[in-house]
1. Can you give me the pair-distance distribution of the range 37-158, C-alpha pairs, 5 Å bins, whole percents?
2. Do any GluC sites (Glu not before Pro) in the range 281-316 lie in a DSSP loop with no more than 10 other beta carbon atoms within 10 Å, and if so, which?
3. Using θ = phi - 60° and the Karplus form 6.51 cos²θ - 1.76 cosθ + 1.60, what ³J(HN,Hα) does each residue of the range 29-42 get, whole Hz, x for Gly and Pro?
4. Hey, could you grab the Kirkwood Rh for the chain? Inverse mean 1/r over distinct alpha carbon pairs, Å, one decimal.
5. Under the Karplus relation 6.51 cos²θ - 1.76 cosθ + 1.60, θ = phi - 60°, what is the ordered set of whole-Hz ³J(HN,Hα) values for the range 401-409, x standing for Gly and Pro?
6. With each pseudo-label sitting 7 Å past Cα toward Cβ, what's the Ser109-Lys218 distance in nm, one decimal?
7. Taking just the alpha carbons, could you work out the radius of gyration and Dmax for the range 28-107, both in angstroms?
8. Taking only DSSP H segments of four or more residues, each worth -39500 (n - 2.57), what value at 222 nm results for the chain once the sum is divided by all its residues, to the nearest 500 deg cm²/dmol?
Amino acid sequence: MSGLKLLLVRLADSFKQEKEGLIMFAEKLQCIACKSEQDLKMHNKCPVCGGILEVKYRFDKVLAEETLRNQEVCNLPGIWKFLAMLPLVSTKYIVSLGEGNTPVLGSKSLGPELGLRRLFFKLESLNPSGSFKDRGISVAISKAKELGVTHVVVASTGNASASTAAYAARAGMKCVVCVPENTSRAKVSQAMAHGARIVLVRGDFSKSYEIALQASEKLGWANTSTTFLNPYNMEGNKTVAYELWQEFHGNVPDVIVIPVGAGPLLAGVAKGFEELRELGMTSTVPRLVGVQAEECSPIFDAFDKGLEKVSQWERPFSTLAAGVGDPLKGYSDDGTFTLDAIKRTHGTVVTLDEEEIRFSTEEMARLEGLFIEPTSSISAGAIRKLKESCFISEHDLVVSLLTGHGLKHFLPMNQKQVVISDFKEFELALL
Ligand SMILES: [Zn+2]
């Protein structure tokens, strides 16, 4: 029987025998530090040592290859066409808003200016809630639903809270967002619109993070807080790698440029390509570039100094790229995990100062037609530095991940205003 037929039979079987888990090749959760194993239930970090948990698979190579090569094989939306490589037992628990399958556009301005003939942007900003987070949150909420969890908690003032609230609403789950007391309502208005309950927590963000962690551990709620707390989150992020493999017809990009706070997107992309290599679908893994705001750049610091471990960022900071302004207080090991992925792929880390971030945001909107939040623009802004330092060359296939939409972030623009009464004044003012 051909692989395609085999997959279709297996998928059909899964509908009849959903409890058998026939379509799932995920086997267990494994701690990256102490290697202890956990079952595929709701866990935050490793109960033995506090390390990061990863989903481990025993792939059926034939079925996995069919899933990747034949895009028609699995008639599910977006990331869920890779169901065979995700940790869900049955399709009936999928909570989807159409995430993934985001466009890849060639650069019209930056690439030609720098002499890069193969510079592409992947528009993660076009995911349903406006950011890449939807990939991971879709998987995390689906898994929670499969496990019978009814509540989800998230500590985030940004994209993770908006995404979690949207998927919780879709799933019929209760969503609680924990944020520091002084957080502006505007920052969580998207989550509020989806019916999430906003809880203001006295103290800085780490206190909100701690409360969310306790809620998940003591009440059995799912936790989609930033970083690597939910092992299913990274599984959604890895689908970026699968999509790029398909987009370039099995050719793997030479370099992928990714904004990083703690870095779950970069770590997920690394995992995706490494799984493709394990399956024999590629012999190489792209060099992954992490980009941080100079104002808060703990991973860059460790990389630059040749250190093994990332330390939490102690200095006060303020950055336009708020989505990656993560001091990693209390979870600097997450940064080390991302640093390891960068080193493993022979990548590098770049920082942008505030002026460069603003310039890149405006440049992307004006010259490429892409309205992205400043956090995303650092991924494009880094390209110029990477070319200048010869990390990338004109022949490289380079992909910059644009992680969040410009509508997420109000950036004041300076333009002289013109007020007119008739067409004559219109001509005088503009022509
Ligand atoms: Zn452990």
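No value in this document is a laboratory result; all are computed from the given coordinates. Everything numeric in this text was worked out from a predicted model, so none of it was measured. Cβ sites come from the backbone with ideal geometry, for glycine too, and all protein chains shown count toward neighbours.
1. 2, 9, 14, 16, 19, 15, 11, 7, 4, 2, 0
2. Passing sites in the range 281-316 are Glu308, Glu314.
3. 9, 10, 6, 6, 8, 9, 6, 5, 10, 10, 6, 7, 10, 6
4. Result for the chain, one decimal place: 22.1 Å.
5. 8, 9, 7, x, 6, x, 5, 6, 9
6. So the label points at Ser109 and Lys218 sit 5.1 nm apart.
7. Computed over the Cα atoms of the range 28-107, radius of gyration and Dmax are 15.7, 47 Å.
8. -11000 deg cm²/dmol
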